[in-house]
Amino acid sequence: MSDDIHPSAVVHSGTVIGEGVKILENAVVGKQPTLSPRSTAKREPLPPAELGDGAIVSTGAIVFAGTRIGARVIVGDQSCIRERVTIAEDVVIGRGALVENDTTIGAETRIQAEAYITAYSTLEDNVFVAPCVVTTNDNFMGRTEKRLELMRGPTIRRGARIGGGAILCPGVEIGEEAFVGAGAVVTKDVPPRALVVGNPARVLREVSADELLGEPSP
């Protein structure tokens, strides 16, 4: 076994491992999902997991089959990345964070400890998600078949920041460079560059110009 794959790690057959990847103690990569009969997740066969060059899967972390992780991504201790997730380069997933199935995460995004990213979410580049943020995707909370066609996580646009302990309701869009204050409960779309606070979240002011990222690189 490679010096960069700890003897206690489990790497399932077929997993694609790039140059310089590190898989640390008790990590599991390429795990197949075990779904309940009532799960809404897709059930077709999954391709192997892929880890880009320089990625690190830290102690006790789990990466499911069907997921692609970009170069230099850090998957923190005891975090979990479910199936059919795509993570671009230079992303950090904090300790104990959970990214559910069918989610896309853009480059240089940071998801901090114990955050929960629900299934069918989209996070664009340079998003910041603080500790213990909760995202949701089901307004019916498991009741009625109607929910199946409406189930959708939030869309968090480029450069947006989500404060600690905030809750994002199903299907909301957080606009580019917006700022969601700590503990806010976001029940409707947030305009670009707006700073929102409270429960339900309301616009307080615009994000200061000196905090904006500027135009993305071509």
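Each reported figure results from applying straightforward, stated rules to the coordinates on display, with no laboratory input. Please read these numbers as outputs of a predicted model, since none were measured by experiment. Don't worry about glycine lacking a Cβ; one is built from the backbone with ideal geometry, like all the others, and counts go over all protein chains shown.
Only four residue types carry charge here, +1 at the Cβ of Lys and Arg and -1 at the Cβ of Asp and Glu. Report the dipole size of the chain about the Cα centre in Debye, rounded to the nearest 20.
Dipole size: approximately 920 debye.
Specify the inter-centroid distance of the stretch 81-132 and the stretch 1-75, based on alpha-carbon positions, in whole Å.
Rounded to whole Å, the Cα centres lie 15 Å apart.
For the stretch 115-211, what size does the Cα cloud have along each of its three principal axes, sorted from largest down, in whole Å?
Result, largest extent first: 46, 26, 22 Å.
Would you mind telling me the antiparallel percentage of the DSSP bridges in the stretch 115-211, rounded to 5?
Counting DSSP beta bridges with both partners in the stretch 115-211, the antiparallel share is about 20 percent.
Would you work out the Kirkwood radius for the chain? I mean one over the mean of 1/r across all pairs of different Cα atoms, in Å.
Taking the inverse mean of 1/r over all distinct Cα pairs, the chain comes out at 17.7 Å.
Once label points are set 7 Å from the Cα along Cα→Cβ at both residue 202 and residue 4, what is their separation, rounded to one decimal in nm?
5.2
Setting aside same-chain residues fewer than 8 positions from residue 22, which lysines have a Cα under 27 Å from its Cα?
Cross-link targets: 31.
What aspartates and glutamates could a cross-link reach from residue 146, if we take a straight Cα to Cα line under 18 Å and drop same-chain neighbours fewer than 8 places away?
Those aspartates and glutamates meeting the cut-off are 138.
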